[in-house]
Structures are given as structure tokens and as C-alpha cells.
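*Asks:* Questions regarding the structure given below will be posed in turn.
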Amino acid sequence: SSPYFVPDDVAIEQLLEARARGVEVDILVPNNNMDVPMVRHASRHFWGPLLEAGVGIYEYQPTFLHAKLLVVDEHFASVGSTNFDERSFRLNDEANLNLISADFARTQIAQFESDRAQAVRITLESWERRAWHKRALDWFWSWLRPQL
């Protein structure tokens, strides 16, 4: 889960490599209930290859999603303030709690699945069919990815 999912090229490549190995990758992001619409546009620009590779991208519907969560192999969980973007990784003073705990990971997976049940899955077809003006905004804001 990440409210500001704007992956750089390295992160995209790593997600694609994980999918090629058969790893299930699901990403939960906010829908248009978001405090920084330009981030949503920049994010959407990069979804094509991820969707083609079978990454599940879900837009949370009830309200603004602000959870930052990463769970790996049902044993490692990371929660905190770090967004999945270049700014958080390189510049911001972020803090996460990283735990190797199957019990904690299962709890976080249950919460993620509960949130995902309230989300809409984005398909490659729906992503490709988005309106031209949304595509243009996505492209425009993608150029500012390192600053977002």
C-alpha cells in the first residue's frame, strides 16, 4: 500500500523481475480521493509494463488511502512513513518499522486484503482506454517524478 506510488526505473525493473520469477505483486493506491493529484497522474503513467506483467494494481475506493505497507513472503513487514517514490527513498527523512515476524506479517496481510476488497482492480484494458486528457496529464506529471 502506498498513497504516493511513483516508482523509478530501478523499482519498476525490480517489480517486473519479481513477476518474471512468479512472485505475486499487488499494489494498493488511492483513487481520485487524493491530496496530491499530480502524484496520481505521474504514477499512472508508469503502470503499463506492470499491468502487462500481471502486477495487480488496485485503487482504494472509500476515502484517501494513506497506509504505507510492504509485506514480503509472509514473514517480513515494513510499515511507516516511507512512500514508494524517489523523494522518500533519497531525500525525505522517513522512518519505517521493519519486522521479521510471521504473526505480524499475517496481521498486515489481513488488513491489506480487507483494504483491497474495497478497491477496484485496474486492468490493462481500462488503463489503455483512459481519456486522452488523462493520458496527457499522466505524461506531463511523469516528467517531474523525481520531485514528487
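The values are calculated or read from the model by the stated rules, or taken from the named source; none is laboratory data. A quick note: this is a predicted structure, and the numbers were derived from the prediction, not measured. In this analysis, Cβ positions are derived from the backbone assuming ideal geometry, glycine residues included, and neighbour counts consider all displayed protein chains. Side chains included, ligands, DNA and RNA excluded: accessible areas come from the protein's heavy atoms. Shrake-Rupley method; radii C 1.70, N 1.55, O 1.52, S 1.80 Å.
*Asks:* Restricting to the range 71-105, name every residue that is more than 22 Å from residue 18 (Cα to Cα), at pLDDT 65 or above and of a type in the set (A, V, I, L, M, F, W, C).
*Replies:* 95, 97, 104
*Asks:* Any residue in the range 132-148 that is more than 12 Å from residue 45 (Cα to Cα) sitting within a Cβ distance under 6 Å of a residue that is of a type outside the set (Asp, Glu) and surrounded by 13 or more Cβ atoms within 10 Å (Cβ to Cβ)? List the pairs, counting only those 6 or more apart or interchain.
*Replies:* Taking only residues 6 or more apart or on different chains, the pairs are 148/6; 148/39; 148/42.
*Asks:* Quick one: residue 53 ticks every box in (1) open to solvent by 20 Å² or more (accessible area, probe 1.4 Å); (2) aliphatic (A, V, I, L, M); (3) under 24 Å from residue 106 (Cα atoms) bar one, so which box is it?
*Replies:* Unmet for residue 53, out of (1) open to solvent by 20 Å² or more (accessible area, probe 1.4 Å); (2) aliphatic (A, V, I, L, M); (3) under 24 Å from residue 106 (Cα atoms): (3).
*Asks:* Return yes when residue 39 is assigned to a helix (DSSP H, G or I) and of a type in the set (Val, Ile, Thr) and no when it is not. Lay out the reasoning, then the answer.
*Replies:* Working: assigned to a helix (DSSP H, G or I): yes; of a type in the set (Val, Ile, Thr): yes.
Here the answer is yes, as residue 39 does meet what is asked.
*Asks:* Take the range 28-42 and flag every residue that is open to solvent by less than 30 Å² (accessible area, probe 1.4 Å) and touching a residue at least 40 places away in the same chain (Cβ under 8 Å).
*Replies:* Matches in the range 28-42: 28, 31, 39, 42.
*Asks:* For residue 62, indicate whether it is of a type outside the set (A, V, I, L, M, F, W, C) and under 11 Å from the mean Cα position of the chain (by Cα).
*Replies:* Working: of a type outside the set (A, V, I, L, M, F, W, C): yes; under 11 Å from the mean Cα position of the chain (by Cα): no.
Criteria not met by residue 62.
*Asks:* It is to be established whether one or more residues within the range 13-27 are at pLDDT below 90, open to solvent by 20 Å² or more (accessible area, probe 1.4 Å) and farther than 22 Å from residue 135 by Cβ.
*Replies:* Of the residues in the range 13-27, the ones at pLDDT below 90 are none.
For the range 13-27, residues at pLDDT below 90, open to solvent by 20 Å² or more (accessible area, probe 1.4 Å) and farther than 22 Å from residue 135 by Cβ: absent.
*Asks:* Does residue 70 meet the test of being in a strand (DSSP E or B), open to solvent by less than 30 Å² (accessible area, probe 1.4 Å), over 21 Å from residue 129 (Cβ atoms) and touching a strand residue (DSSP E or B) at 6+ places or on another chain (Cβ under 6 Å)? Talk me through it step by step, then tell me what you get.
*Replies:* Values: in a strand (DSSP E or B): yes; open to solvent by less than 30 Å² (accessible area, probe 1.4 Å): no; over 21 Å from residue 129 (Cβ atoms): yes; touching a strand residue (DSSP E or B) at 6+ places or on another chain (Cβ under 6 Å): yes.
Criteria not met by residue 70.
*Asks:* Okay, moving on. Going through the range 1-23 one residue at a time, which ones are without any contact (Cβ under 8 Å) to a residue 24 or more places away in the chain, outside any helix (DSSP H, G or I) and not aliphatic (A, V, I, L, M)? I'd like the intermediate steps shown before the answer.
*Replies:* Going through the range 1-23, the residues without any contact (Cβ under 8 Å) to a residue 24 or more places away in the chain turn out to be 9-10, 13-14, 17-18, 21-23.
Still in the list and also outside any helix (DSSP H, G or I): 21-23.
Across the range 1-23, the qualifying residues are 21, 22.
*Asks:* Tally up the residues in the range 113-146 that are open to solvent by 60 Å² or more (accessible area, probe 1.4 Å), among the aliphatic types (A, V, I, L, M) and in a helix (DSSP H, G or I), please.
*Replies:* Final tally of qualifying residues: 1.
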